[in-house]
Amino acid sequence: MWRAYAYRGGGYCLGFDSSELRNLVNEQPSKVERQRFNWLFEIVYGEPGIGLRQSLRQLANYIEQDPARSIGFSVARILASKIKHATFKEEQEWRIIVHDPTFDEMEFRQGHNYVVPYVDLQRHPEDGERLLPLRTVVCGPTLRNDTELREIVGWMLTKHGYEGVEIESCEIPYRL
């Protein structure tokens, strides 16, 4: 994962509380007046088998919550974004899927060799500021492994309202 997603192993891995993140995803306001589907999924790696059957049951539950909405093609897109080749299994990835965002809701950032569209998760619902449920920051294997780095990352987190987030150094050796 460090070789694929962090420049020369120098990135950071953020760990979130999945149940709190799911609640936050479901509470996201839409900038337009319409029902919005937001889902947090654990990725299925390799041959889907049992995992895909569980995913279909989960989708069926979502469909029951809003049966009036036409979702045939949407379900296929969601399932396709939930499955990944088995060689990526060590990522243990989860994805947040925002169904049919408008162009106004979309943001764009630079990818490795393309432009990546995304939707910014709102951290400010109507009842006041609510931070993302960040629990852990793991510093990449090629970053300094010392207390000064962890202290600086801690200052940054504190500045943005995050207290009590665990900061760790990666124990995995990095090789090109």
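The values are calculated or read from the model by the stated rules, or taken from the named source; none is laboratory data. In this text, all values refer to a predicted model and were calculated from it rather than measured experimentally. Cβ sites come from the backbone with ideal geometry, for glycine too, and all protein chains shown count toward neighbours. Ligands, DNA and RNA are stripped out before the accessible areas are found, and what is left, the full protein with its side chains, is counted by its heavy atoms. Shrake-Rupley method; radii C 1.70, N 1.55, O 1.52, S 1.80 Å.
So here's what we get for this one:
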{"quantity": "First in the range 143-164 and in contact (Cβ under 8 Å) with a residue 60 or more places away in the chain, second anywhere and open to solvent by less than 80 Å² (accessible area, probe 1.4 Å) and not hydrophobic (A, V, I, L, M, F, W, C), Cβ under 7 Å, 6 or more apart", "calculated": "LEU143/GLY10"}
{"quantity": "Flag if PHE41 is under 21 Å from TRP2 (Cα atoms), surrounded by 14 or more Cβ atoms within 10 Å (Cβ to Cβ) and at pLDDT 75 or above", "calculated": "no"}
{"quantity": "Among the candidates LEU21, LEU52, residue that is among the hydrophobic types (A, V, I, L, M, F, W, C) and at pLDDT below 70", "calculated": "LEU52"}
{"quantity": "Any chance VAL98 is more than 16 Å from the chain's Cα centre (by Cα) and surrounded by 15 or more Cβ atoms within 10 Å (Cβ to Cβ)", "calculated": "no"}
